[in-house]
Amino acid sequence: MDVQRGGRQILIHGMALIFVGLVWGLIVPQTPFPRLALTAHIQFLTNGLLLIVLASLLLKFQHRVGSRSVAVMVLAAWLTWAMALSEVANSWWGTAGILPIAAAQAGATGGAPWQELIVTLAHIAAGLALIAAWGLLLAGFARGAEKPV
């Protein structure tokens, strides 16, 4: 995947995450666990902004980020959706395993084992992918700018 195409995809993911987060904010008070719904709202907005920044850096500045690194970054964008959507579901489930502080504040005592598993796996996968994406971005910038053709 080339940098321009991947960067544009990441940018669109970021904008869409922010849009969905803004709409989700209208629903937060209607959920059984509004504190967990607020966590989802914040995830949508902050991760959307994070992806917009990542894409802007890829598209605007010279770097040596390769196509495989960009593919990892696009994967991280997709996994961010899984994480944010698992938090939307969690505002009805009330799981407590991966987000114990938010769950305690929400009065959630835990969900069914399969619900806990979904939320946990989504957070771990997205978290690791985002760490890898930003590490690769940093490495691509640290290696210096591309040589002019």
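All of the numbers you see were taken from the coordinates with simple rules; none came from a lab. Because the structure is predicted, anything quoted here is derived from the model rather than measured. When we count neighbours, we look across all protein chains shown, and the Cβ atoms used for this are built from the backbone with ideal geometry, even at glycine.
What number of residues within segment 85-133 are surrounded by fewer than 21 Cβ atoms within 10 Å (Cβ to Cβ), assigned to a loop (DSSP other than H, G, I, E, B) and among the polar types (S, T, N, Q)?
Qualifying residue count, segment 85-133: 1.
Inspect all residues belonging to segment 32-40 and state whether any of them is under 29 Å from GLY140 (Cβ atoms), buried (at least 19 other Cβ atoms within 10 Å of the Cβ) and within 19 Å of the chain's Cα centre (by Cα).
Restricting attention to segment 32-40, the residues satisfying the condition of being under 29 Å from GLY140 (Cβ atoms) are none.
No: zero hits.
Just a yes or no: is a residue in segment 134-142 aromatic (Phe, Trp, Tyr), crowded, with 17+ Cβ neighbours inside 10 Å and not in a loop (DSSP other than H, G, I, E, B)? Don't jump to the end; show me each part of the working.
So in segment 134-142, the residues aromatic (Phe, Trp, Tyr) come out as 134, 141.
From the residues that got through so far, the ones that are crowded, with 17+ Cβ neighbours inside 10 Å too are none.
The answer is no; no qualifying residue exists.
Give just the number: which of (1) farther than 30 Å from VAL3 by Cα; (2) touching an Asp or Glu at 6+ places or on another chain (Cβ under 7 Å) does SER67 not satisfy?
In the conditions (1) farther than 30 Å from VAL3 by Cα; (2) touching an Asp or Glu at 6+ places or on another chain (Cβ under 7 Å), SER67 misses (1) alone.
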